Amino acid sequence: MKHSRTTLLAVIFFVVIIWESNSSLAYSETFTQCLTTNSNPKHPISPTVLYAGNHSYSSVLEANIHNLRLNTSTTPKPFLIIAATHESHVQAAVTCGKRHNLQMKIRSGGHDYDGLSYVSYSGHPFFVLDMLNLRSVDVDLASKTAWVQSGAILGEVYYYIWEKSKTLAYPAGVCPTVGVGGHISGGGYGNMIRKYGLTIDNTIDARMVDVNGKILDRKLMGEDLFWAINGGGGGSFGVVLAYKINLVEVPETVTVFRVTRTLEQNVTEIVHRWQHVAPDLPDEIFIRTTMEFVKGTVSSQMTVRATFLALFLGDASTLLSILNRRLPELGLVRSDCTETSWIQSVLFWTDIQVGTSEKVLLERNEALMYIKRKSDYVLEPISRTGLDSIWRKMIELETPTAIAFNPYGGMMAKISSTATPFPYREGNLCKIQYVTDWREDRLTNRYMELTRKLYRFMTPFVSKNPRQSFFNYRDIELGTNSHKIRSYVEGKRYGEKYFAGNFERLVEIKTRVDSGNFFRNENSIPVKPYFDS
């Protein structure tokens, strides 16, 4: 009886939703039958196919929605989720989605800030291929490599490396709940970029399902396609099943610190000096500076506070000797510094107390907020006058937006801008992330507009023509693609901001491997116009 009720709900849902009631029951049955026919009989796909009437549908959909702004009653929902547990399920999703001309969204960790892996802005029916169950991490100490499936989170990768070695690590993001698939396919950065480069600079192979439903490794796909999926957005070219990554060496002891300074504590002078020093420090040092609007410590007046958050691949005494010489304005002392292991430094950077069990990295739950993110790149140091004007604007707006400055230099300046799709290497002092969080839906319009106002105010201080942006922070306010006759023009609008001169090469590869544009979303790589072929 329960089975019959579920089946009836599925039928009703398809009749109502697919093509706005203009398709027949036979159509929906054909799609689901196609999935069954094209998956491995030893690994049935049926249990992984979740309709809106299925009791697991909402829990699976919401498990990897990390932005409450994209989980409201009016947010477009997929008519179906395929929570793949085997590679054949991915092949079937691609084959049948293409055959029935259905839009497929691909989700690994769900951290994409504007939800393009599980939300559609087109108004057309879509389904989600959820990779969360494909999450194995296979570490090979002998070769210092690992195969990592796209559905794994970074915390799982760090933990399973640490289980086997206390002096090997992976240079990726500082948020443990970020999914591997989106992180690597979009570039990936963390607090070891100055020593080891971006996450994509440490990828050596991949397995993916192409538009024909075939599984390819680096040798079979060729160097062009491998180049494209390693930083150019995997969701534009296929479904990446797994990446083979290089592990990097870290000392048994690293040092971290987190110190704050306000306007009353000469923060303008410290940040001004930091701009000149941070990109040129030894490659083992990474110091992020985050500015935010807060209440003053000595009065009720509002002020701006800077938080300096650092990782040093070495001991505290060495770090102090370097910074007291190169950045004495910060006034760092020994009690500010914590010596620990690399794996514990991951916890420190996530605001988890050092000494907590490393198993916390295996947890996928996190506090949910309404969020908006944007990004920029700084090419020249901002003057003291410019910094003061930014602080004044933050106070004037009473903005909830924090501005995080992440220094480049080191290895980032040594790798060619065309080595991967990510182009912003030498000549970039730092990347800016604008971070806005809030807890109530009623604040959404106001806080979104405050974020835009601060972003517009920053225009004179950041890159231009194009104004550069980081693909991992996909931002639909840079432009969206309707994938109609002007698809290339629309794609170029945001594509050149993400990829600069590498955009055209990505378009060429996209046109060659997916000329029908099956793999698409609002910020994907477009195909070339037919008249330009």
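The values are calculated or read from the model by the stated rules, or taken from the named source; none is laboratory data. Predicted model, so just to flag it, every value in this text is computed and none were measured. When we count neighbours, we look across all protein chains shown, and the Cβ atoms used for this are built from the backbone with ideal geometry, even at glycine. Heavy atoms of the whole protein, side chains included, go into the accessibility calculation; ligands, DNA and RNA do not. Shrake-Rupley method; radii C 1.70, N 1.55, O 1.52, S 1.80 Å.
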Residue count, region 39-60, condition open to solvent by less than 40 Å² (accessible area, probe 1.4 Å), under 11 Å from His86 (Cβ atoms) and of a type outside the set (Ser, Thr, Tyr), comes to 1
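Would you point out which residue out of Tyr189, Tyr196 is more than 30 Å from Ser59 (Cβ to Cβ) and either at pLDDT below 95 or within 13 Å of the chain's Cα centre (by Cα) (or both)?
Details: Tyr196 fails: either at pLDDT below 95 or within 13 Å of the chain's Cα centre (by Cα) (or both).
Among Tyr189, Tyr196, only Tyr189 is more than 30 Å from Ser59 (Cβ to Cβ) and either at pLDDT below 95 or within 13 Å of the chain's Cα centre (by Cα) (or both).
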Between residues in region 344-358 that are on the phi > 0 side of the Ramachandran plot and residues that are part of a helix (DSSP H, G or I) and modelled with pLDDT of 95 or more, which pairs lie under 8 Å by C-beta distance while being six or more apart or on different chains? Gly355/Gln344
Does region 504-521 contain any residue that is among the aromatic types (Phe, Trp, Tyr) and either at pLDDT below 95 or touching a strand residue (DSSP E or B) at 6+ places or on another chain (Cβ under 9 Å) (or both)? yes
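Among the candidates Leu387, Leu361, Leu319, which residue alone is part of a helix (DSSP H, G or I), open to solvent by less than 40 Å² (accessible area, probe 1.4 Å) and touching a Cys at 6+ places or on another chain (Cβ under 8 Å)?
Going through Leu387, Leu361, Leu319 in turn, just one is part of a helix (DSSP H, G or I), open to solvent by less than 40 Å² (accessible area, probe 1.4 Å) and touching a Cys at 6+ places or on another chain (Cβ under 8 Å): Leu319.
Every residue, every condition in (1) closer than 27 Å to Gln275 by Cβ; (2) in contact with a strand residue (DSSP E or B) (Cβ under 9 Å, 6 or more places away or on another chain); (3) of a type outside the set (Phe, Trp, Tyr), yes or no:
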residue	(1), (2), (3)
Asn445	no, no, yes
Met448	no, yes, yes
Lys453	yes, no, yes
Met458	yes, yes, yes
Val462	yes, yes, yes
Ser469	yes, yes, yes
Asn472	yes, yes, yes
Ser482	no, no, yes
Ile485	no, no, yes
Among the numbered conditions (1) among the aliphatic types (A, V, I, L, M); (2) farther than 29 Å from Gly181 by Cβ; (3) surrounded by fewer than 20 Cβ atoms within 10 Å (Cβ to Cβ), tell me where Met394 comes up short. (3)
Of the criteria (1) more than 18 Å from the chain's Cα centre (by Cα); (2) more than 25 Å from Ile285 (Cα to Cα); (3) open to solvent by less than 10 Å² (accessible area, probe 1.4 Å), which one Ile382 fails: (2)
Filter region 277-297 down to residues that are over 18 Å from Ile403 (Cα atoms) and modelled with pLDDT of 95 or more, then give me how many there are. 7
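Do you know which residues across region 325-348 are in a helix (DSSP H, G or I), open to solvent by less than 50 Å² (accessible area, probe 1.4 Å) and hydroxyl-bearing (Ser, Thr, Tyr)?
In the first step, residues of region 325-348 are kept if they are in a helix (DSSP H, G or I); the result is 325-326, 328-330, 334-336, 342-348.
From what is left, the residues that are open to solvent by less than 50 Å² (accessible area, probe 1.4 Å) are 330, 336, 342-348.
The one that is in a helix (DSSP H, G or I), open to solvent by less than 50 Å² (accessible area, probe 1.4 Å) and hydroxyl-bearing (Ser, Thr, Tyr): Ser345.
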For region 398-410, does any single residue satisfy the condition of being in contact with an Asp or Glu (Cβ under 9 Å, 6 or more places away or on another chain), loosely packed, with under 14 Cβ neighbours inside 10 Å and in contact (Cβ under 8 Å) with a residue 12 or more places away in the chain? no
